[in-house]
Each structure stands twice: as C-alpha cells, then as structure tokens.
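*Asks:* Take a look at this one; I'll ask things after.
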Amino acid sequence: MTTWEEACNRCGLCCFEKVTDQKGQFVTTRIPCRQLDIISRECRVYHKRFDVGEGCVKLTPEVVRQADWLPEGCAYRKGLD
C-alpha cells in the first residue's frame with residue numbers, strides 16, 4: 001500500500017495559479033509557483049513548502065474532497081473514488 005503523498009502522479013497542476021472564470025469556476029493558468037520545477041514537476045522546496053510563504057495547501061483527504069480547484073485528473077481526487 002502506498003502512502004497518501006506517494007499517490008501524487010506529479011502532474012504539477014495544483015502548483016499553477018488559478019483564476020475564477022465568469023461562471024465562477026476555477027481555471028488553471030500557465031503561471032507556475034516559483035518553487036515548481038516545470039520539467040520534473042517537483043517542488044524545489046518540498047520539505048519546507050509550508051514555511052516559504054507560497055500559499056501551498058496540505059492536501060489531505062478532507063481537503064481534496066472540498067477542493068474544487070484541483071484538476072479532474074488529480075491522482076488524489078481519483079484515489080477518493
């Protein structure tokens with residue numbers, strides 16, 4: 001069995017800025033967090049990501065259930081099905 005964080009498929013989409021469109025839905029922009037390595041899709045400061053002031057959200061099952069800003073293909077979302 002894998003741990004919760006190992007479920008991540010490294011799409012990196014949760015690390016891109018989001019905006020709300022005219023219908024009130026979240027849209028992922030092309031602007032990544034400055035800590036995201038856009039080639040490997042891994043965070044450069046993962047071990048201290050909550051301390052660097054980038055607005056990183058700890059993705060727990062409870063948060064994922066309510067996070068309508070996560071992309072449909074997010075491995076965390078799929079893991080809750």
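*Asks:* With respect to L36, is the statement that it is touching a Pro at 6+ places or on another chain (Cβ under 9 Å) and among the aliphatic types (A, V, I, L, M) true?
*Replies:* Considered against the rule, which asks whether it is touching a Pro at 6+ places or on another chain (Cβ under 9 Å) and among the aliphatic types (A, V, I, L, M), L36 comes out as no.
*Asks:* Is the stretch 5-18 home to any residue that is out of contact with any helix residue (DSSP H, G or I) (no Cβ under 6 Å at 6 or more places or on another chain), assigned to a loop (DSSP other than H, G, I, E, B), among the aliphatic types (A, V, I, L, M) and modelled with pLDDT of 85 or more?
*Replies:* No; the residues of the stretch 5-18 include none that is out of contact with any helix residue (DSSP H, G or I) (no Cβ under 6 Å at 6 or more places or on another chain), assigned to a loop (DSSP other than H, G, I, E, B), among the aliphatic types (A, V, I, L, M) and modelled with pLDDT of 85 or more.
*Asks:* Have a look at G53, G24 and point out the one that is modelled with pLDDT under 90, loosely packed, with under 10 Cβ neighbours inside 10 Å and part of a loop (DSSP other than H, G, I, E, B).
*Replies:* Within the list G53, G24, the selection yields G53.
*Asks:* When you go through (1) assigned to a strand (DSSP E or B); (2) out of contact with any strand residue (DSSP E or B) (no Cβ under 7 Å at 6 or more places or on another chain) one by one for H47, which number turns out not to apply?
*Replies:* Condition not satisfied by H47: (1).
*Asks:* So, in the stretch 27-49, exactly how many residues are of a type in the set (A, V, I, L, M, F, W, C) and either at pLDDT below 90 or surrounded by 14 or more Cβ atoms within 10 Å (Cβ to Cβ) (or both)?
*Replies:* 4
*Asks:* Sticking with this structure for a sec: If you scan the stretch 56-81, which residues turn out to be among the charged types (D, E, K, R) and modelled with pLDDT of 90 or more?
*Replies:* E62, R65
The values are calculated or read from the model by the stated rules, or taken from the named source; none is laboratory data. Quantities reported herein were computed from a predicted structural model and do not represent experimental measurements. Counting neighbours? That spans all protein chains shown, and the Cβs are built from the backbone with ideal geometry, glycine included.
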